Amino acid sequence: MATSSSAELSKAVKQQYMDLPQGDKVQIMYVWIDGTGEGLRCKTRTLDSEPKSIEELPEWNFDGSSTYQSEGSNSDMYLIPSAMFRDPFRKDPNKLVLCEVLKYNRKPAETNLRLTCKKVMDMVENQVPWFGMEQEYTILGTDGHPFGWPNNGFPGPQGPYYCGVGSDKAYGRDIVEAHYRACLYAGVMICGTNAEVMPAQWEFQVGPCEGISMGDHLWAARFILHRVCEDFGVVASFDPKPIPGNWNGAGCHTNFSTKEMREEGGLKAIEESIERLGKRHSYHIRAYDPKGGLDNARRLTGHHETSNIHEFSAGVANRGASIRIPRTVGQEKKGYFEDRRPSANCDPYAVTEAIIRTCLLSEEGDEPVDY
């Protein structure tokens, strides 16, 4: 299987340098979403002391013409620090900082969906919206071939791989374990992981997160995964259907609840939200992948534990429905529901904002309201 050349460099030699003291200086890695709405970029600067809050981090800039975000004739873009995490690669006191991107005129870049998401979240703060997102991904070689798959052909059919154990069932667990521990170190709200239905496909879960922190923590977890895979010489793909045919696709199932839903009799509020979602299916499909639904159309076929992209459905414990109400929620009459439509490569800011707009702000129609 093809791995990157950089993975073959001696990690022991590198560690000699990483063990050197860094004095009073601190390395801050600025991370942002590029013009594709899926890719992440990063660069590092030195600060004189360890920042204790996001307010202590300076704004920065970068060349947007090299990230699909501006033209060369006017290419400076601003990086606005938004969420700070411990750096699991350089370790304390160094930091990872997730940034919003503003254009030269201080307006949000087209793929900066955090700004409007934050505004919407602030409007419903008193309802205490919680999210949990289940991020599926596929480990690939640098040639795009799934990790551990035979060079010519396919592994055995799906069945033994989901939550599997053993060399013939779990492909690439070292990467999963490294990512999990790195997220815990960073302060990311990662809450679990498991092998998925297709071999070389895995899932990690982030949450419960309140409001805007859901998007912040999922993007941070994605960045850490890419960085871990870099060390191992492989690639993490969030493509919703990386292998065509009789193989499961990759989603980002999104669990949602409010204070009212979590309290006694909360099932009524859950059912009301699902009814609103049913009337706004096409709006959500457009918000649930970076290409306005085109990526998800390859995955949401009505097969392989998905609903059909053209139809809205809901049911208790039904993994073939658009919205699943967990069986325990149906029994206890309170809790949360799961939206199974978001694609693996969705922007969590777009997904969580759309759910709030429809379920809590009672928006209708195919376009979001401008507040």
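The values are calculated or read from the model by the stated rules, or taken from the named source; none is laboratory data. Nothing here was measured: the structure is a model prediction, and the numbers come from that model. Because the Cβ atoms are built from the backbone with ideal geometry, glycine has one as well, and the counts that use them run over all protein chains shown. Calculation scope for accessible area: heavy atoms of the full protein, side chains included, ligands and nucleic acids excluded. Shrake-Rupley method; radii C 1.70, N 1.55, O 1.52, S 1.80 Å.
General remarks:
- Under 17 Å, Cα to Cα: Lys pairs in region 7-110, sequence gap 8 or more or different chains: 10
- For the pair K291 and Y371, a Förster radius of 25 Å applied to the C-beta separation gives a FRET efficiency near 0.45, rounded to the nearest 0.05.
- Inter-site label distance for S66 and S5 at 7 Å from Cα along Cβ, in nm: 1.9
- Residue-span extension gain [Q331 to Y17] - 0.36 nm each, minus C-alpha spacing: 107.4 nm
- When S4, S307 are compared by accessible area at a 1.4 angstrom probe, the order from most to least is S4, S307.
- Computed 3J(HN,Hα) for region 21-34, one whole-Hz value per residue from the Karplus formula 6.51 cos²θ - 1.76 cosθ + 1.60 where θ = phi - 60°, is x, 10, x, 8, 6, 10, 9, 10, 8, 7, 10, 8, 8, 8, glycine and proline marked x.
- Annotation: K14 carries an accessible surface of approximately 90 Å², with a 1.4 Å probe and no ligand, DNA or RNA atoms counted.
- Counting only aspartates and glutamates at least 8 places from K268 when in the same chain, those with an alpha carbon closer than 13 Å to its own are E260, E332.
- Shown is the FRET efficiency for L361 and E59, computed with R0 = 25 Å from the Cβ-Cβ distance and rounded to the nearest 0.05: 0.20.
- Burial order of peptide ranges 353-362, 129-138, 250-259, 46-55 (average beta-carbon count within 10 Å, highest first): 129-138, 250-259, 353-362, 46-55
- Comparing K118, K279, K11 in a Gaussian network model of the chain (Cα springs below 10 Å), the most mobile by mean-square fluctuation is K11.
- Both the radius of gyration and Dmax for region 7-110 are 15.5, 46 Å, in that order, over alpha-carbon atoms.
- Taking Cα centre as origin and charging only the Cβ of basic (Lys, Arg, +1) and acidic (Asp, Glu, -1) residues, the dipole magnitude of region 262-305 rounds to 320 debye.
- Under the Karplus curve 6.51 cos²θ - 1.76 cosθ + 1.60, θ = phi - 60°, whole-Hz ³J(HN,Hα) for region 300-313, x wherever Gly or Pro sits: 7, 9, x, 10, 6, 6, 10, 8, 7, 4, 8, 10, 9, 8
- For the chain, the Cβ-based charge dipole about the Cα centre amounts to some 400 debye (Lys, Arg positive; Asp, Glu negative; other atoms uncharged).
- Accessible area of region 121-360 belonging to carbon and sulfur atoms, whole % at 1.4 Å probe: 51
- Annotation: amide H of S70 within the under-5 Å range of S65, sequence separation 5 or more or interchain, hydrogens built in the peptide plane.
- Estimated FRET transfer efficiency when R0 is 35 angstrom, pair R298-D48 (beta carbons, to 0.05): 0.10
- Rolling a 1.4 angstrom probe over the protein heavy atoms with all chains in place gives region 7-110 an accessible area of 57 Å² per residue.
- Two-site label geometry, H145 and D168: point separation in nm, points 7 Å out along Cα→Cβ: 2.1
- Scalar couplings 3J(HN,Hα) for region 237-251, obtained by applying the Karplus form with A = 6.51, B = -1.76, C = 1.60 to θ = phi - 60°, are 9, 9, 4, x, 8, x, 10, x, x, 7, 10, 5, x, 10, x Hz; x denotes Gly and Pro.
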